[in-house]
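Visitor: Have a look at this one.
Read-outs throughout are calculated quantities, based only on the coordinates presented, and are distinct from any laboratory measurement. Because the structure is predicted, anything quoted here is derived from the model rather than measured. Here Cβ is always computed from backbone atoms with ideal geometry, including for glycine, and neighbour counts include all displayed protein chains.
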Amino acid sequence: MRSMSSDQVREAFLRFFEGHGHQRLPSSSLVPRADPTLLFTNAGMVQFKDVFLGADKRPYSRATTSQKCVRAGGKHNDLDAVGRTARHHTFFEMLGNFSFGDYFKADAIRFAWDFLYGELGLPKERMWFTVFENDDEALELWKQTAQVGEDRVLRLGEKDNFWAMGDTGPCGPCSEIHFDRGPEFACGPDCGLGKCDCDRWLEIWNLVFMQFERDAAGTLTPLPRPSIDTGMGLERIASLLQGKTNNWETDLMWPLLQQVEALSKVAYQPGEAGFPHRVIADHARACTFLIADGVLPGNEGRGYVLRRILRRAIRFGRQIGLNQPFMGPMADAVVERMHGAYPELNDKIDFVKRVLELEEERFSATLSTGMVLLDEEISAVLLSSAAELAAGRLDPLLAGAADLRNNPTKPER
C-alpha cells in the first residue's frame, strides 16, 4: 500500500476521476438546499438529488466530490457510536464519484477496483465484497474484475446492501468493499463479514446503483436513468494508508486529540480512558463545520442536534478537568487542520468561536443552577430524615428497606 497523507488521498481520488471524465465540484453545505426531508447533508449524493430524479439538468454527466457530511440525527445517526469504535464520526468527509445516466454497474466496479488496487495498492487478498442478495450481475462483475472466487463476494439483504438517502427519495441496491484488518481485530470465534459489526471488517467504499425513487408509502418507482452514487470515507481509507488501526490516530484526528491533551493536561490513551478525548475531538469538528455553514444552537431541528453535540462535548470535557470554556480553542485546531481543503473556514472562525463561547456560558450556567437545586433538595431530604430519626419514626422505614434488600423478590405490602 502507498503511504499517503489524508490531503494526498483526497487529491488523488479527485484527480483519478477527473482523468476519467468526471467534473470536479466543491462540497455543498451541511444544510441541504430546499430539502425538508433531511436535517443535514449525510452523503455525497445529496447535492445531486434533483439530478438523479430528473428534475435538474447539468452540463456534465459525471461528477466527483469530497463532501463534508454529518450523521447525528434522522435515518443516519452515528452519535452514540462516536468514540467507542475505530471508525464512527458525527462529521466526516465522503469521497464520491457519480454518474447521471452515463455509466452503470460495470464501470462503477471497474473504477473502484482500479483506484483501490491500481492507484493505492491495497492488497487484493485483504479486500472482500458484498452485493444485494439478488444482484447476480454485480456478483459476476466483481468475480471478473477483481479475479476472485465467489467465496469473496457475499450476498446480503436489504439492511446491508440496499441504500437510501432517507425514508423517501433516490435509492437502490449497492455493493460494498471491505478491508480485512486481520484476525487480531476479530470480535470472537463467530466473527465474520455480514455476521458482526466489529473493527476487523472495515467498510471502505459503498457503490450505490441508483435505480429507484421511494415515496412515503414505500413504493419504488424506476428513475428516468439508472445512475451511480458512491461514497468512501476519507478517514477510513486514510487509516489504512497511514498504517493506523483506527481513524483517531490519522493525521485528520490526531492533531485534535493533541489539542485536547494540551487544554486538559490529561494524556490521551487508547481504550476507555481516551473516550472523552475522542468525543471532544470529533464533536469539535462537527460543531465548527455546522456553525460555519449557518447552523446555530437551538431547541428544535438542526439547532437542537448541534446543541446536543456541543453539550455532549462539554460534559465529557468536565470529566477530564476542562471546567472552563474550551471549544473555541478546539475550533482553532479544527480550522488549522482543515482550512487547506475548506479555506472558507478562515473567514468564519471568529463567528464560530463566539457562538461556541456563548453556548458554553449558557450551558455552564444551567449546570451551576442545576447543582444548586440538587444540593438544596439533598439537604432538605437529609434534614427531614434526621428529624424523623430523632423522633423515632424512621426505624420501621429502615427495617422495611433492609427487609426488601435481603428479599428482593418479596412483594411490597
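Visitor: How much length would be gained if the chain were fully extended between D350 and D7, taking 0.36 nm per residue of separation minus their Cα-Cα distance, in nm to one decimal? Please list the in-between numbers first.
Guide: Numbers: separation 343, 0.36 × 343 = 123.48 nm, distance 2.47 nm.
Full extension from D350 to D7 adds 121.0 nm.
Visitor: Mind checking the alpha-carbon convex hull of segment 160-245 and giving the volume per residue in Å³?
Guide: Working: hull volume 8.6 nm³, N = 86.
Per residue, the Cα convex hull of segment 160-245 comes to 100 Å³.
Visitor: What number does segment 6-241 give for Rg over Rh if you use C-alpha atoms and the Kirkwood radius? Walk me through the intermediate numbers first.
Guide: Numbers: Rg = 16.9 Å, Rh = 18.1 Å.
Reported Rg/Rh, Kirkwood definition of Rh: 0.93.
Visitor: Which cross-chain or sequence-distant (5 or more) residues have an amide H under 5 Å from the amide H of W205, H modelled 1.01 Å from N in plane?
Guide: HN-HN under 5 Å from W205: I177.
Visitor: If you don't mind, another one. With springs connecting C-alpha atoms under 10 Å apart, model the chain as a Gaussian network and identify which of L193, L14, L25 has the largest mean-square fluctuation.
Guide: Evaluated over the chain, the most mobile residue of the options is L25.
Visitor: Separate question: Below 8 Å between Cα atoms, with a sequence gap of 6+, how large is the relative contact order for the chain in percent?
Guide: Numbers: 670 pairs, mean separation 59.8, N = 413.
Normalised by residue count, the contact order of the chain is 14 percent.
Visitor: Rounded, prolate or oblate: which one fits segment 250-354, using the alpha carbon gyration tensor with axes a ≥ b ≥ c (rounded when a/c is under 1.5, else prolate when a/b beats b/c, else oblate)? Walk me through the numbers before you get to the answer.
Guide: Numbers: a/c = 1.90, a/b = 1.26, b/c = 1.51.
Oblate, because a/c is 1.5 or more while a/b does not exceed b/c.
Visitor: At what distance in angstrom do the alpha carbon centres of segment 14-39 and segment 79-108 lie from each other?
Guide: For segment 14-39 versus segment 79-108, the Cα centre distance is 12 Å.
Visitor: Can I ask one more? Under a straight-distance cross-link criterion of Cα-Cα below 13 Å, which aspartates and glutamates are reachable from K353, leaving out those fewer than 8 residues away in the same chain?
Guide: Excluding near neighbours in sequence, the set is D332, E361.
Visitor: Here's something else I'd like to know. With an 8 Å cut-off on Cα pairs and a minimum separation of 6 or more residues, tell me the relative contact order of segment 6-241 in percent.
Guide: Numbers: 469 pairs, mean separation 50.1, N = 236.
After rounding, I find 21 percent.
Visitor: Over what distance in Å are the Cα centres of segment 233-271 and segment 140-206 separated?
Guide: 25 Å
Visitor: For segment 6-241, what is the number of Lys pairs with C-alpha distance below 27 angstrom, counting only pairs 8 or more positions apart or on separate chains?
Guide: Lysine pairs, 8 or more places apart or on different chains, close enough: 22.
Visitor: Pop out the ³J(HN,Hα) list for segment 11-26 in order, Karplus 6.51 cos²θ - 1.76 cosθ + 1.60 with θ = phi - 60°, rounded to Hz; leave Gly and Pro as x.
Guide: Karplus values, whole Hz, x for Gly and Pro: 5, 4, 5, 5, 5, 4, 6, 4, x, 10, x, 8, 7, 6, 10, x.
Visitor: Additional query: Rounded to the nearest 500, what is the chain's calculated 222 nm mean residue ellipticity when only DSSP H runs of at least 4 contribute -39500 (n - 2.57) each, over all residues? Write out the running numbers ahead of the final one.
Guide: Values: 12 runs with 169 residues, N = 413.
Mean residue ellipticity at 222 nm (helix-derived): -13000 deg cm²/dmol.
Visitor: Per-residue HN-Hα couplings for segment 222-239, Karplus 6.51 cos²θ - 1.76 cosθ + 1.60 at θ = phi - 60°, whole Hz, x for Gly and Pro?
Guide: Calculated HN-Hα couplings, in order: x, 6, x, 9, x, 9, 10, 9, 10, x, 10, x, 4, 4, 6, 5, 5, 4 Hz.
Visitor: Rounded, prolate or oblate: which one fits segment 1-68, using the alpha carbon gyration tensor with axes a ≥ b ≥ c (rounded when a/c is under 1.5, else prolate when a/b beats b/c, else oblate)?
Guide: Working: a/c = 3.35, a/b = 1.51, b/c = 2.22.
It comes out oblate by the Cα gyration axes.
Visitor: How large is log10 I(q)/I(0) at q = 0.09 Å⁻¹ when the Debye formula is applied to the Cα atoms of the chain, each weighted equally and without solvent?
Guide: Those come out to -0.63, one per q.
Visitor: Extending each Cα 7 Å along its Cβ direction at D56 and Q147, get the distance between those two points in nm, one decimal.
Guide: 4.1 nm
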